[in-house]
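First up is the structure itself, then whatever we jot down about it.
The values are calculated or read from the model by the stated rules, or taken from the named source; none is laboratory data. Since this is a predicted model, take the numbers as computed values, not measurements. Note that we place each Cβ from the backbone using ideal geometry, even for glycine, and neighbour counts take in every protein chain shown. Heavy atoms of the whole protein, side chains included, go into the accessibility calculation; ligands, DNA and RNA do not. Shrake-Rupley method; radii C 1.70, N 1.55, O 1.52, S 1.80 Å.
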Amino acid sequence: MKPFRKRTKKIMVNGFQFHCVIDEHFRNKYVSFRVYPYNTKTSFFEVHFSWEGTWFFNLNLPSICSTLIMYVIQNGWEYTQEKKQLVIENGDFLIKELALEEKSDNR
């Protein structure tokens, strides 16, 4: 059974540190994955996944976190600047596009 809680973790991607917040509270309509660059206070990106979609991969694995971070950086998120915010409302398409299920299996 999936736990319902908010978890945080720090991760390094390309020599830069990020702070990840994974919110799996049952009262929410979706599972939220939010990332802040460690040196800025107003920049972040957030991806919302459906509850059904998150049963097939583990958002808490470093490989999943780094894959999502690299994806948004490659798609234009300027994490080194203040007030650069990006929200992906329905991120379930990323599960297939980034092969998140396979990355969860290969821990």
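For segment 1-23, which residues satisfy the criterion of being in contact (Cβ under 8 Å) with a residue 12 or more places away in the chain, more than 16 Å from Y71 (Cα to Cα) and of a type in the set (A, V, I, L, M, F, W, C)?
The answer is F4, V21, I22.
Just for segment 27-44: of the residues that are of a type in the set (F, W, Y) and touching a Lys or Arg at 6+ places or on another chain (Cβ under 9 Å), which one is modelled with the highest pLDDT?
Selected residue: F44.
Would segment 83-97 turn up any residue that is assigned to a loop (DSSP other than H, G, I, E, B), out of contact with any Ser or Thr (no Cβ under 7 Å at 6 or more places or on another chain), basic (K, R) and modelled with pLDDT under 95?
As a first pass, look at segment 83-97 and keep what is assigned to a loop (DSSP other than H, G, I, E, B): 83-84, 89-92.
If we keep only those that are out of contact with any Ser or Thr (no Cβ under 7 Å at 6 or more places or on another chain) too, we end up with 89-91.
Filter again for basic (K, R), leaving none.
Scanning segment 83-97, I find no residue that is assigned to a loop (DSSP other than H, G, I, E, B), out of contact with any Ser or Thr (no Cβ under 7 Å at 6 or more places or on another chain), basic (K, R) and modelled with pLDDT under 95, so the answer is no.
I need the full set of residues from segment 56-79 which are assigned to a helix (DSSP H, G or I), at pLDDT 90 or above, out of contact with any strand residue (DSSP E or B) (no Cβ under 7 Å at 6 or more places or on another chain) and not β-branched (V, I, T), in order please.
First, the residues of segment 56-79 that are assigned to a helix (DSSP H, G or I): 56, 62-74.
So of that shortlist, the ones also at pLDDT 90 or above come out as 62-74.
Filter again for out of contact with any strand residue (DSSP E or B) (no Cβ under 7 Å at 6 or more places or on another chain), leaving 63-64, 67, 71, 73-74.
S63, Y71, Q74, listed by residue number.
Tally time: how many residues in segment 24-58 are in contact (Cβ under 8 Å) with a residue 24 or more places away in the chain, under 10 Å from the mean Cα position of the chain (by Cα) and surrounded by fewer than 19 Cβ atoms within 10 Å (Cβ to Cβ)?
1
Right, L98: within 24 Å of R5 (Cα to Cα), of a type outside the set (D, E, K, R) and surrounded by 15 or more Cβ atoms within 10 Å (Cβ to Cβ) or not?
Spelling it out, it is not the case that L98 is within 24 Å of R5 (Cα to Cα), of a type outside the set (D, E, K, R) and surrounded by 15 or more Cβ atoms within 10 Å (Cβ to Cβ).
Say we look at segment 59-83 and pick out the residues that are open to solvent by 70 Å² or more (accessible area, probe 1.4 Å) and not aliphatic (A, V, I, L, M); which of these is nearest to the chain's Cα centre (by Cα)? Working first, answer last.
To start, the set of residues in segment 59-83 that are open to solvent by 70 Å² or more (accessible area, probe 1.4 Å) comprises 62, 70, 74-75, 78, 80-83.
Filter again for not aliphatic (A, V, I, L, M), leaving 62, 74-75, 78, 80-83.
Details: P62: 10, Q74: 14, N75: 14, E78: 16, T80: 17, Q81: 19, E82: 19, K83: 18 Å.
Across segment 59-83, the extreme among qualifying residues is P62.
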